[in-house]
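Okay, structure first, notes after.
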């Protein structure tokens, strides 16, 4: 069981009287605007599980997570509110050269409602602001344009194509329903392997109607209709102010020594990266 009322309080919403399409869109917008896509606990050395109740409790405490946490918790919230939710095995293509398919490094959701289906995904970071009707076409949300089409790589599945300015190329998901627990091994790999992008780079991302804010290491980018603005954060105080202010993260459980160690790790990695760029 999850704390539905506590979760809705974080989203700034009252309990919808019925599971409607309008309420679904509002819930989705609220989640991606108020609950950050982030991987701080990996860099703090704090292992997390992906059970829906645990992830929802993290959100109630003022934290976020990545796809297994965010979509797992959001799917449980929607189910508790009366929606017909299906979990799907999915895969993200970081670049067009990456293999296409539902590799299991992503969890996607669909919702069946009023005779139609919706792609619901609050775990893609800089992507969806609202759910998309699950039918072929192009869709514009704020400054970004997306596409949905049947997947050539996954029989019976779908391909979501990100805007060219996005952090990845596409996401494919398979048609069959799966259990959240089936992602446990992949979560372990993504959160511990030195080859994982989550382990290599700390990130926080938060979407809104006009664009997205993305922090990678010490570099903060804002992408909107006017393009992308970027700045490097070079002090611990400013960096933590961005995490709590821009990304709405509650870090009261991170004490001073842990904060100092995390900043040192992230700043050192940024300096190494910047030096490599100058070579």
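The values are calculated or read from the model by the stated rules, or taken from the named source; none is laboratory data. Keep in mind that what you see is a predicted model, and the values were worked out from it rather than measured. All Cβ positions, even for glycine, are placed from backbone atoms using ideal geometry, and neighbour counts span all protein chains on display.
Scan the stretch 53-103 residue by residue and report those that are in contact with a strand residue (DSSP E or B) (Cβ under 9 Å, 6 or more places away or on another chain), at positive phi and surrounded by fewer than 20 Cβ atoms within 10 Å (Cβ to Cβ).
Within the stretch 53-103, 101 is the sole residue that qualifies.
Looking at 187, 172, 162, can you tell me which residue is buried (at least 18 other Cβ atoms within 10 Å of the Cβ) and closer than 19 Å to residue 224 by Cα?
Exactly one of 187, 172, 162 is buried (at least 18 other Cβ atoms within 10 Å of the Cβ) and closer than 19 Å to residue 224 by Cα, namely 162.
Are there any pairs with C-beta distances below 6 angstrom linking a residue in the stretch 180-199 that is over 10 Å from residue 68 (Cα atoms) to a residue that is at pLDDT 95 or above and outside any helix (DSSP H, G or I), with the two at least 6 apart or on different chains, and if so which?
Going by the 6 Å Cβ cut-off, the qualifying pairs are 190/196; 198/39.
Would a scan of the stretch 68-84 turn up a residue that is over 19 Å from residue 27 (Cβ atoms) and free of Cβ contacts under 8 Å to residues at least 12 places away in the same chain?
No, the stretch 68-84 contains no residue that is over 19 Å from residue 27 (Cβ atoms) and free of Cβ contacts under 8 Å to residues at least 12 places away in the same chain.
Please enumerate the residues belonging to the stretch 37-82 that are closer than 21 Å to residue 15 by Cβ and part of a loop (DSSP other than H, G, I, E, B).
Passing the criteria: 61, 62, 81, 82.
Could you tell me which of the residues 228, 232 is surrounded by fewer than 21 Cβ atoms within 10 Å (Cβ to Cβ), more than 19 Å from residue 122 (Cα to Cα), in contact (Cβ under 8 Å) with a residue 60 or more places away in the chain and more than 19 Å from the chain's Cα centre (by Cα)?
From the options 228, 232, the qualifying one is 228.
So which residues in the stretch 238-273 are touching a residue at least 24 places away in the same chain (Cβ under 8 Å), surrounded by 14 or more Cβ atoms within 10 Å (Cβ to Cβ), touching a helix residue (DSSP H, G or I) at 6+ places or on another chain (Cβ under 9 Å) and in a helix (DSSP H, G or I), if there are any at all?
Those that are touching a residue at least 24 places away in the same chain (Cβ under 8 Å), surrounded by 14 or more Cβ atoms within 10 Å (Cβ to Cβ), touching a helix residue (DSSP H, G or I) at 6+ places or on another chain (Cβ under 9 Å) and in a helix (DSSP H, G or I): 239, 243, 258, 262, 263, 265, 266, 267, 269.
Specify which of the listed residues (80, 57, 73, 53) is within 16 Å of residue 178 (Cα to Cα), at pLDDT 95 or above and touching a helix residue (DSSP H, G or I) at 6+ places or on another chain (Cβ under 9 Å).
73
How about the stretch 209-237: which of its residues are in contact with a helix residue (DSSP H, G or I) (Cβ under 8 Å, 6 or more places away or on another chain) and closer than 17 Å to residue 163 by Cα?
209
Out of all the residues in the stretch 124-147, which are more than 15 Å from residue 86 (Cβ to Cβ), in a loop (DSSP other than H, G, I, E, B) and within 19 Å of the chain's Cα centre (by Cα)?
Of everything in the stretch 124-147, those that are more than 15 Å from residue 86 (Cβ to Cβ), in a loop (DSSP other than H, G, I, E, B) and within 19 Å of the chain's Cα centre (by Cα) turn out to be 124, 125, 126, 127, 128, 129, 130, 142, 143.
Which residue out of 10, 111 is surrounded by fewer than 23 Cβ atoms within 10 Å (Cβ to Cβ), part of a helix (DSSP H, G or I), in contact with a helix residue (DSSP H, G or I) (Cβ under 7 Å, 6 or more places away or on another chain) and in contact (Cβ under 8 Å) with a residue 40 or more places away in the chain?
Result: 10 is the single residue among 10, 111 that is surrounded by fewer than 23 Cβ atoms within 10 Å (Cβ to Cβ), part of a helix (DSSP H, G or I), in contact with a helix residue (DSSP H, G or I) (Cβ under 7 Å, 6 or more places away or on another chain) and in contact (Cβ under 8 Å) with a residue 40 or more places away in the chain.
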